[in-house]
Amino acid sequence: MHHAEIKLAASALWGHARRADEERNHHDFDEERDRRIGDPQALTASCRQARRGLVTRAMLTELVEFVAAAREAYVPAIVAAIVTSAKDVLITARKDGQPPWGFVTGEVELGEDPDDAAIREVKEETGLEVRVIGHLGERDHPATGRHVIYILAKPVRGTKVFVGDSDELADVRWAGFTEADDLMPGM
């Protein structure tokens, strides 16, 4: 686990104090470890050091198990990148036809910002470099139940596109808004 993962997991796991007499309701890894060790005055230096090692190992085990369970339970959101330019709107045709035509979409990886996921997916699927200019909205998709984040983007330089993911996509192209609406009813 990375340091940032440890801090985040510790905050999630021990974010609320377990004792009513503690003034703060949040503590980090070190504070939780010290709480578990107990009164340092009641222990000799070598006993305190040994107990600190045992408690630290036990807490790291808890964190690893907590992170593994969180990763297993993680259902990533989907980003849909609506990329527009002077050439109109970028659309993709899926090989499996589900749906036949749509915007560039993909899963947000664990710990990834949705804007970064949209930029990455557009680059991977079309070769186009884009910048995010706004969010159009979010919803839970009525057919799949997956959370979808709609992100508006513009090309950074150039508008040349190609099928970057030939396993998933049959076509990538710019379409006028009327044509896109015909190909993607209810867009």
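General observations
- The test for being modelled with pLDDT under 95 and either of a type in the set (Ser, Thr, Tyr) or more than 24 Å from THR159 (Cα to Cα) (or both) holds for THR61.
- Output for the range 105-124, where each listed residue is part of a helix (DSSP H, G or I) and within 17 Å of TYR74 (Cβ to Cβ): PRO114, ASP116, ALA117
- Selected residue [among the hydroxyl-bearing types (Ser, Thr, Tyr) and surrounded by 13 or more Cβ atoms within 10 Å (Cβ to Cβ)] from THR92, THR144: THR92
- Among residues of the range 42-80 being assigned to a helix (DSSP H, G or I) and among the hydroxyl-bearing types (Ser, Thr, Tyr), the one that is surrounded by the fewest Cβ atoms within 10 Å (Cβ to Cβ) is SER46.
- Within the range 7-37, if we keep just the residues that are modelled with pLDDT under 75 and among the hydrophobic types (A, V, I, L, M, F, W, C), the residue that is nearest to ARG52 (Cα to Cα) turns out to be ALA17.
- Among the residues of this structure, GLU109 counts as one that is at pLDDT below 95 and in the same structural domain as ALA175 (by TED's automatic domain parsing).
- Looking only at residues of the range 55-88 that are in the same structural domain as THR159 (by TED's automatic domain parsing) and over 25 Å from the mean Cα position of the chain (by Cα), we find that the one that is nearest to ARG131 (Cα to Cα) is SER85.
- For the range 149-187, the set of residues classified as farther than 16 Å from ALA80 by Cα, small (Gly, Ala, Ser) and either more than 27 Å from the chain's Cα centre (by Cα) or surrounded by 11 or more Cβ atoms within 10 Å (Cβ to Cβ) (or both) consists of GLY158, GLY164, ALA170, ALA175, GLY176, listed by residue number.
- Members of the range 88-130 that are within 26 Å of THR178 (Cβ to Cβ) and in contact with a helix residue (DSSP H, G or I) (Cβ under 8 Å, 6 or more places away or on another chain): ASP88, VAL89, LEU90, ILE91, THR92, PRO100, TRP101, VAL104, THR105, LEU128, VAL130
- Qualifying residue in the range 121-130 (condition: in the same structural domain as ARG173 (by TED's automatic domain parsing), on the phi > 0 side of the Ramachandran plot and at pLDDT 95 or above): yes
The values are calculated or read from the model by the stated rules, or taken from the named source; none is laboratory data. Just so we're clear, the structure is a prediction, and the values are computed from it rather than from any experiment. Cβ coordinates were reconstructed from backbone atoms using ideal geometry, including for glycine residues, and neighbour counts include every protein chain displayed.
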